[in-house]
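None of the figures in this text is laboratory data; all of them are computed from the coordinates on show. No experiment lies behind these values; they were computed from the predicted model shown. Here the Cβ is made from the backbone with ideal geometry for all residues, glycine too, and neighbour counts use every protein chain on show.
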Amino acid sequence: MEQSIPQTMHQAIIKPDLSVDFESDAPIPQLKDDEILVRAVFAGVNPIDWKGANEEQSVALHGLLKSPVHRAPGKDYVGYVVAVGKEAYQFHIGDRVMCVNHSSGFAEYSVGKTFASAITPGTVSFEDALTFGLPYLTASLLAFKDKPLPTPWNPANGNTRTPFIVYGASSSVGAFVVKLAKLANIHPIIAIAGSSAESIKSVINPSKGDVIVDYRQEEDALIRAVHQVANDAHYAADAIGSPKTGELCARLVNPHDSIVTSSVGDPWDDTLKDRVPPGVQLQIAFSPGVFEPNDPDGPDGEDSPNHGRKAFGLTAMNYLSYALQNGILAPHPYEVRANGVDALAEALLALKEGRNKGKRYLLEMGATKW
Ligand SMILES: NC(=O)c1ccc[n+]([C@@H]2O[C@H](COP(=O)([O-])OP(=O)(O)OC[C@H]3O[C@@H](n4cnc5c(N)ncnc54)[C@H](OP(=O)(O)O)[C@@H]3O)[C@@H](O)[C@H]2O)c1
């Protein structure tokens, strides 16, 4: 079942020097059975868009970006469903959706995977919905993947103490980890943030022991500050994901039976495991592991009963629709950049230079002259 869809579309291509080319006759993506075709209204800009395109960074991240599709820019977008695949039972033409995927998000039409797309209720603006996107999916993995922890859809009862460290808690990814942990009733949350800490002040719950610790202090002082609140934390989510922050998180958790999960924002350092206590397990949360079931990050690949991480993505996205409908998950701060996708190169540079400071950048398709 399809609406009238043009043969070709406009799309932006990011070049290795981070300049942007525009195509006016790109083919409309082909739909698979478990996909939906979306006419994009806004596209989000993520660090991977410059890291994946930039030659130096993408080569360095090669261990994870094995498939060329991982490097395709434009990982999240919102818009209207214009066609549904044969197995996309949950979705209907005209639905408002938020999708996370490889396929060109900086384009007029994009494909969404059913298990990485969320129906967006009419009460929530497209802009607010898009602030979730890739950071929300990554945050869900960082918080809950391969960990015996309560979840927002199966929260802890009462006042069980489960200290949880979130490094980079004011980043888009980190802030969603904090919000999801709170909905799972995981406390105390030790949120480590800097100049944008204000944005998560209203999220944490000091009456349950949650605190914000400033990462800009000297490292030993930071470790002392965290250990004063909890020297028994067994879980840390490193939303920044550099080898340095991973190593620091490994010093923050209990040296026995602990897990540090990294967002691998920077090239992974294989020697890291030799520098952390043997009782600290290092894990990686990699969103493409959800929409690429054969990704090395998937548990058992396409043939497993859950088809890699498909079921994880489906659960996280359905929960997001529920949470948006019920107003229990607040969006991240955002800025709609002027001139839509025309300003993509500027937005990439601003992101690379860290000028977004606790905000997501969104591009409006309708404001683009192409
Ligand atoms: N694995 C995946 O699938 C995946 C997916 C998405 C993102 N990522 C990675 O995850 C990281 C976060 O992405 P994002 O979109 O959330 O970024 P973001 O929103 O742009 O994060 C910016 C914020 O990070 C904080 N920050 C920067 N450097 C820091 C440091 N050394 N220590 C603590 N906080 C620091 C700053 O907080 P203050 O302003 O408070 O100082 C800054 O405002 C990136 O490295 C990205 O590449 C990975």
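Can you bin segment 137-214 into rounded, prolate or oblate? Criterion: square roots of the alpha carbon gyration tensor eigenvalues sorted a ≥ b ≥ c, rounded for a/c under 1.5, prolate for a/b above b/c, oblate for the rest. Walk me through the intermediate numbers first.
On the way: a/c = 2.03, a/b = 1.28, b/c = 1.58.
Verdict is oblate for segment 137-214.
From the phi angles alone, apply the Karplus equation (6.51, -1.76, 1.60; θ = phi - 60°) to segment 177-190 and give each ³J(HN,Hα) in whole Hz, x where the residue is Gly or Pro.
Karplus values, whole Hz, x for Gly and Pro: 4, 4, 5, 6, 4, 5, 5, 7, 6, 8, 8, x, 8, 9.
Which three lengths, in whole Å and largest first, does segment 79-126 cover when its Cα atoms are put on their principal axes?
Each principal axis gives a Cα extent; for segment 79-126 these are 27, 25, 17 Å.
Once both axes come from the Cα atoms, what is the angle between helix 310-325 and the longest principal axis of the chain, in degrees from 0 to 90, rounded to 10?
Result, in degrees: 90.
Arrange the peptides 148-155, 80-87 so that the one whose residues have, on average, the most other Cβ atoms within 10 Å appears first.
80-87, 148-155
Once you have the Cα-Cα distance between GLU23 and ASP146, take 0.36 nm times their residue separation minus that, and quote the gain in nm to one decimal.
Full extension of this stretch gives 40.2 nm more.
Order 318-325, 169-176 from most to least packed using the mean count of other Cβ atoms within 10 Å.
Those peptides, ordered most packed to least, come out 169-176, 318-325.
I'd like the FRET efficiency for GLU198 and ALA367, computed as 1/(1 + (r/R0)^6) with the beta carbon distance as r and R0 of 30 Å, rounded to 0.05.
Plugging the Cβ-Cβ distance into 1/(1 + (r/R0)^6) gives 0.55.
Go ahead and estimate [θ] at 222 nm for the chain from helices alone: -39,500 (n - 2.57) per DSSP H run with n ≥ 4, summed, over the residue count, rounded to 500.
-7500 deg cm²/dmol
Can you tell me the equivalent ellipsoid semi-axes for the chain? Use √(5λ) from the Cα gyration tensor, largest first, whole Å. Could you put the intermediate results ahead of the total?
Working: eigenvalues 221, 95, 78 Å².
Semi-axes, largest first: 33, 22, 20 Å.
Taking every Cα atom in segment 146-284, find the radius of gyration and the maximum pairwise distance Dmax, and write them in Å.
Here Rg and the maximum Cα pair distance are 13.8, 40 Å.
Can you pull the three principal axis extents for the Cα set of segment 96-166, in Å, largest first?
So the extents along the principal axes, rounded to whole Å, are 47, 27, 21.
Using a Förster distance of 45 angstrom, determine the FRET efficiency expected from the C-beta separation of GLN30 and VAL336, and round it to 0.05.
Efficiency, from the Cβ-Cβ distance: 0.90.
Can you work out ³J(HN,Hα) from phi for every residue in segment 96-102, in order, using Karplus 6.51 cos²θ - 1.76 cosθ + 1.60 and θ = phi - 60°, giving whole Hz and x for Gly and Pro?
Per-residue couplings from phi come out as 8, 9, 10, 10, 10, 6, 6 Hz.
What is the log10 of I(q)/I(0) for segment 91-226, computed with the Debye formula using one identical point scatterer on each Cα and no solvent, at q = 0.19 Å⁻¹?
Debye output, listed in q order: -1.11.
Can you list residues from other chains, or at least 5 along the same chain, whose modelled amide H is less than 5 Å from the amide H of THR368?
Correct list: VAL341.
Over 22 Å between Cα atoms, which of LYS244/LYS352; LYS145/LYS359; LYS75/LYS113; LYS244/LYS357; LYS145/LYS179; LYS147/LYS310 qualify? Display every interim value, and only then the final one.
Values: LYS244/LYS352 18 Å; LYS145/LYS359 25 Å; LYS75/LYS113 12 Å; LYS244/LYS357 20 Å; LYS145/LYS179 16 Å; LYS147/LYS310 17 Å.
In this structure, LYS145/LYS359 exceed 22 Å between Cα atoms.
Note down the relative contact order for the chain as a percent, whole number, built from C-alpha pairs under 8 angstrom at least six residues apart. Display every interim value, and only then the final one.
On the way: 856 pairs, mean separation 63.9, N = 370.
It rounds to 17 percent for the chain.
Which length gain, in nm to one decimal place, applies between ASP214 and SER4 when the Cα-Cα distance is subtracted from 0.36 nm times their residue separation?
70.3 nm
Pulled fully out, how much extra length does the chain show between TYR322 and LYS357, if you take 0.36 nm times their separation in residues and subtract their Cα-Cα distance? Could the numbers behind the result be given before it?
Numbers: separation 35, 0.36 × 35 = 12.60 nm, distance 2.86 nm.
Going from the current span to full extension adds 9.7 nm.
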